[in-house]
1. List the aspartates and glutamates whose Cα lies under 14 Å from the Cα of LYS203, skipping any in the same chain that are fewer than 8 positions away.
2. Note the full-extension length gain between MET56 and GLN35 as 0.36 nm times their separation in residues minus their Cα-Cα distance, in nm to one decimal.
3. What's the extension gain from GLU146 to THR202 if we count 0.36 nm per residue and subtract their Cα-Cα distance?
4. Provide the per-residue ³J(HN,Hα) series for region 44-55, in order, calculated from phi with Karplus coefficients 6.51, -1.76, 1.60 and θ = phi - 60°, each as a whole number of Hz, with x at glycine and proline positions.
5. Name all residues of region 178-203 having a backbone nitrogen under 15 Å from the label point set 7 Å from the Cα of THR156 along its Cα→Cβ direction, giving them as ranges.
6. Which distance in nm do the two modelled labels at HIS188 and LEU175 give, with both placed 7 Å along the Cα-to-Cβ direction?
7. Tally Lys/Arg at +1 and Asp/Glu at -1 over every other residue whose Cβ is under 13 Å from the Cβ of ASP110; what's the total?
8. So which aspartates and glutamates pass the test for LYS66, namely a Cα distance under 15 Å, with those fewer than 8 places away in the same chain ruled out?
Amino acid sequence: MKRLLPVFLGVLLSVGNSSGALAASAKAMAQRQAQGLTAFNPPERFLSGNFVADEMNPAFIFGPVKAFAASRKCPTAWLIEEGDQNRLTGQGSTGTPQEYTIYLEEDCPDRVVYYVFIDQSGLTPQQWIEWRKKFHKSMTEPEFGEAKSKLDTACTVGCGVGAELRFIQKDGELLSKSPEEALRDELHFAPIYDLNRQQKITK
């Protein structure tokens, strides 16, 4: 029995440190219910992929997603809107990958933070801009064309993008600072690629 105890404790520690393993606080559960969110296991291609943090004109690529999640100081969990669960079951039926929203919840004693990601791991840079045409119409090419070109170049050197950090929400309120600024200034999560200079960033 004594020989089994260290093994058992090791399992508990391993589980306790995994994303979403710890019980969510009452405050976090209330926010989940208010926003219609439920637990979710993101696909590995999303977790292992890089991401941008500016929808219109990203300057940097960060990543991978799971490295950012691991960098958070408080317990985390992945969530998704309940309505999206049904939509995902039909994903790919038209032959065109679609993007959807995934929430990384950081449950701290003094705050609950949502890092709102868009999973684009099924999109090529061309599909990325085609998808935006549905929403931005004629503005797509001038507004996103340059960003697509930069993303194309990043792909050729192994810095492709599979997600976008669209919003950061703290206790139900959106941060006024852009996610790209917050990542570098407040969250101290360094980028891996400079899109404007079109080069990798060495640590």
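Here, each number is a calculation from the coordinates, and none is a lab measurement. The shown structure was predicted, so the numbers you read here are calculated from the model rather than taken from an experiment. Don't worry about glycine lacking a Cβ; one is built from the backbone with ideal geometry, like all the others, and counts go over all protein chains shown.
1. In chain and number order, the partners are ASP194.
2. Working: separation 21, 0.36 × 21 = 7.56 nm, distance 2.55 nm.
Gain on extension, MET56 to GLN35, equals 5.0 nm.
3. Working: separation 56, 0.36 × 56 = 20.16 nm, distance 2.41 nm.
Contour length minus Cα-Cα distance gives 17.8 nm.
4. 4, 5, 6, 5, 8, x, 8, 8, 9, 9, 8, 5
5. Correct set: 195-200.
6. 1.4 nm
7. For residues surrounding ASP110, the net value is +1.
8. Filter leaves GLU44, GLU105, GLU106, ASP119, GLU164.
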